[in-house]
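S.K.: Structure below; questions to follow.
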Amino acid sequence: MGIRFNHSNSFITEHEYKYMENQIRIAHKMLHDRTAQGSEFTGWLDLSLHFDHDEYHRLLMKAEEIRNNADYLIVIGIGGSYLGARAVIEALNHSFYNLIEDDKRSAPKILFAGNNLSGKYLSDLFEIIKDKEVYVNVISKSGTTTEPAIAFRFFKKFMEDKYGKEGAKKRIIATTDKSRGSLKELANINGYETFVIPDDIGGRYSVLTPVGLLPIAVSNINTDEILKGAFQAEEIYTNENLFDNECYMYAASRQILNRKGKDIEILTNYEPSLSFVSEWWKQLYGESEGKDKKGIYPASVNFTTDLHSMGQWIQDGKRNIFETNLIIKELNKDLTIGYEDMDLDKLNYLSGKTVSYVNEKAFEGTLEAHVKGDVPNLVIELDRLDEYNMGSLIYFFEKACAISGYIQGINPFDQPGVEMYKKNMFKLLGKPE
Ligand code: PA5
């Protein structure tokens with residue numbers, strides 16, 4: 001396993017973890033016995049046991065077809081139906097994936113839609129793709145979510161105008177419920193190829209289903225390896241003993257810190273390509289735990305960029321925060337800093353050192369400073385930023401979230417709060433009953 005969890009700067013004592021052992025065991029039992037609230041949405045827990053290999057094979061064939069024929073894949077979806085795919089695509093691909101020249105790329109550019117209600121965004125997007133070869137993957141479990149539904153109405157027309165009904169039908173793929181919802185109905189009527197979001201997996205836990213796997217596979221990332229990493233994590237993190245399970249140590253640390261007044265968890269990274277992993281993580285934890293007037297507020301910063309903004313707050317602001325640092329030990333690309341005769345920028349002391357080395361020292365220095373500033377720091381370290389570790393990390397965070405939620409005393413698998421804005425918006429829009 002290429003993931004390690006370090007709590008040596010958490011300010012949590014051994015006995016505090018010991019007090020948690022039993023609660024962890026109970027949460028583990030609730031989750032694995034499927035006796036607790038939300039258990040009908042725990043299909044992600046042992047996905048390897050009921051993974052649909054036939055559908056996966058069909059998905060890989062479709063991804064290849066899209067790779068061979070498209071300049072652009074447009075992924076329409078919001079929340080759990082979009083963030084996981086984007087997180088993995090951005091983490092594992094070239095930093096400027098969409099900017100690689102056409103003759104040098106082996107996969108289409110990937111753009112996202114249906115995750116906002118901006119007419120400007122959509123108009124700009126159509127301007128970019130109007131003369132290009134386009135495939136559309138529309139993703140919605142309920143099939144009724146307003147943002148992707150509105151975007152898809154425009155894309156359906158765009159594709160039909162561009163390719164005719166028959167041509168559009170071949171280039172639109174719907175990922176949705178196996179039998180219910182407007183999107184499923186639309187797909188049936190129009191003959192779109194569909195992929196299934198299993199009934200027992202909720203949106204934010206669905207990245208390892210076709211929701212994430214199809215767009216990720218289109219971008220030429222090895223999804224077999226992602227699944228391998230996730231399934232390995234599934235095995236490793238089944239140990240109910242807190243001290244033998246790093247995933248549970250992370251969950252326990254969060255809850256201990258929360259009980260000590262730390263209301264905000266800040267996920268930090270030192271790699272720009274991880275910024276959407278943070279967005280995915282925020283959705284996972286925010287939507288899972290923020291209930292019944294409880295919950296840790298999940299925030300994120302991208303270092304070292306944000307050390308020049310939020311760094312001040314973290315160092316000296318209100319002490320109601322803790323940090324979880326997502327660190328990559330070894331990257332497959334790097335640059336060595338050169339020597340300059342004049343040394344006007346006074347950087348010759350770094351000549352011969354890599355940029356990653358400087359980044360590593362920035363992390364170590366920041367951690368020391370923040371710990372000195374009374375901010376508990378947890379560290380999740382990945383050996384490498386690769387498919388296997390990304391699969392393991394996804395599972396690590398999903399399981400820790402479920403366990404942490406049960407310890408907190410909420411249902412980590414529902415999201416009743418997100419209905420409120422919809423109700424008001426629909427009323428203001430005059431939606432018929
Ligand atoms: O995690 C969740 O359940 C949500 O974030 C959903 O993924 C999001 O609201 C999109 O829902 P749907 O896939 O039904 O369009």
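S.K.: List the relative contact order of the chain as a percent without decimals, with contacts defined as Cα pairs under 8 Å and 6+ residues apart.
M.R.: The normalised contact order for the chain reaches 24 percent.
S.K.: Still on this structure: Which cross-chain or sequence-distant (5 or more) residues have an amide H under 5 Å from the amide H of THR175, H modelled 1.01 Å from N in plane?
M.R.: Correct list: VAL138, ILE139, SER140, PHE195.
S.K.: Can you give the charge dipole size of the chain about its Cα centre, rounded to the nearest 20 debye, using +1 on the beta carbon of Lys and Arg and -1 on the beta carbon of Asp and Glu?
M.R.: Computed charge dipole of the chain: roughly 1520 debye.
S.K.: Counting C-alpha atoms alone, how compact is the range 1-141: give Rg to one decimal and Dmax as a whole number, in angstrom.
M.R.: My reading of the Cα-based Rg and Dmax gives 21.3, 64 Å.
S.K.: Sequence gap of 8 or more, or different chains, plus Cα separation below 30 Å: how many lysine pairs satisfy both in the range 209-315?
M.R.: Pairs that pass both the separation and distance tests number 12.
S.K.: Whole-Hz Karplus ³J(HN,Hα) for the range 57-66, in order, using 6.51 cos²θ - 1.76 cosθ + 1.60 and θ = phi - 60°, x for Gly and Pro?
M.R.: In residue order, the calculated couplings are 4, 4, 5, 5, 5, 5, 4, 5, 4, 5 Hz.
S.K.: Using Cα positions and a limit of under 20 Å, work out the aspartates and glutamates in reach of LYS431, with same-chain residues fewer than 8 apart set aside.
M.R.: Within the straight-line cut-off, LYS431 pairs with GLU147, GLU419.
S.K.: Given Cα pairs under 8 Å that are at least 6 residues apart, what percent is the relative contact order of the range 1-132?
M.R.: The normalised contact order for the range 1-132 reaches 24 percent.
S.K.: LYS157: which lysines have alpha carbons under 20 Å from its alpha carbon, excluding same-chain residues fewer than 8 sequence positions away?
M.R.: Within the straight-line cut-off, LYS157 pairs with LYS120, LYS130, LYS132, LYS165, LYS169, LYS170, LYS184.
S.K.: Could I ask something else about it? FRET efficiency for ASN241 and LYS329, Cβ-Cβ distance as r, R0 = 22 Å, nearest 0.05?
M.R.: So the FRET efficiency works out to roughly 0.25.
S.K.: Another question, then. With a cap of 11 neighbouring Cβ atoms within 10 Å, and only residues DSSP puts in a loop, list the chymotrypsin sites (Phe, Trp or Tyr not before Pro) found in the range 336-401.
M.R.: TYR339
S.K.: Semi-axes, largest first, in whole Å: what does sqrt of 5 times each Cα gyration tensor eigenvalue give for the range 104-243?
M.R.: Details: eigenvalues 185, 67, 42 Å².
Result for the range 104-243: semi-axes of 30, 18, 15 Å.
S.K.: Here's something else I'd like to know. Determine which lysines satisfy two conditions relative to LYS361: a Cα distance under 23 Å, and not lying fewer than 8 residues away in the same chain.
M.R.: LYS329, LYS333, LYS346, LYS353, LYS372
S.K.: Then there is this: Counting only Cα, what are the radius of gyration and maximum Cα-Cα distance Dmax of the chain, in Å?
M.R.: 22.6, 75
S.K.: I'd like the distance separating the alpha-carbon centroids of the range 183-207 and the range 324-361, in whole Å.
M.R.: 46 Å
S.K.: Per-residue HN-Hα couplings for the range 15-22, Karplus 6.51 cos²θ - 1.76 cosθ + 1.60 at θ = phi - 60°, whole Hz, x for Gly and Pro?
M.R.: Each residue's phi maps through the Karplus curve to give 5, 5, 5, 4, 4, 8, 3, 5 Hz.
S.K.: From a point 7 Å beyond the Cα of GLU16 in the direction of its Cβ, which residues of the range 233-254 have a backbone N at a distance under 12 Å?
M.R.: 252-254
S.K.: Short version: ³J(HN,Hα) in whole Hz for each residue of the range 377-385, in order, from phi by Karplus 6.51 cos²θ - 1.76 cosθ + 1.60 (θ = phi - 60°), x for Gly and Pro, what are they?
M.R.: Values, residue by residue: 10, 9, 10, 10, 10, 9, 4, 9, 8 Hz.
S.K.: Now for a separate question. What whole number of Å gives the distance from the Cα centroid of the range 61-106 to the Cα centroid of the range 368-433?
M.R.: Cα centroid of the range 368-433 versus Cα centroid of the range 61-106: 24 Å apart.
S.K.: Ranked from highest to lowest mean number of other Cβ atoms within 10 Å per residue, what is the order of the peptides 19-25, 205-211, 73-79?
M.R.: 205-211, 73-79, 19-25
S.K.: Please list, ordered by chain and number, the residues whose modelled amide H lies under 5 Å from the amide H of THR354; skip anything fewer than 5 residues away on the same chain.
M.R.: Distant-sequence amide H within range of THR354: ILE337.
S.K.: Roughly what % of DSSP beta bridges within the chain run antiparallel, to the nearest 5? List each step's numbers first, then the result.
M.R.: Working: 7 of 45 bridges.
Percent antiparallel among DSSP bridges in the chain is about 15.
S.K.: Using a Förster radius of 45 Å, what is the FRET efficiency between GLU368 and GLU340 based on their Cβ-Cβ separation? Nearest 0.05, please.
M.R.: Efficiency at R0 = 45 Å is approximately 0.90.
S.K.: What FRET efficiency comes out for the pair GLU133/GLN315, r = Cβ-Cβ distance, R0 = 60 Å, nearest 0.05? If you can, show how the numbers build up before the last one.
M.R.: Details: r = 50 Å, r/R0 = 0.83.
Efficiency computed from Cβ-Cβ geometry: 0.75.
S.K.: Go ahead and estimate [θ] at 222 nm for the chain from helices alone: -39,500 (n - 2.57) per DSSP H run with n ≥ 4, summed, over the residue count, rounded to 500.
M.R.: Details: 14 runs with 203 residues, N = 433.
The per-residue figure over the chain is -15000 deg cm²/dmol.
Here, each number is a calculation from the coordinates, and none is a lab measurement. A quick note: this is a predicted structure, and the numbers were derived from the prediction, not measured. Please note: Cβ atoms are built from the backbone with ideal geometry, for glycine as well, and neighbour counts cover all protein chains shown.
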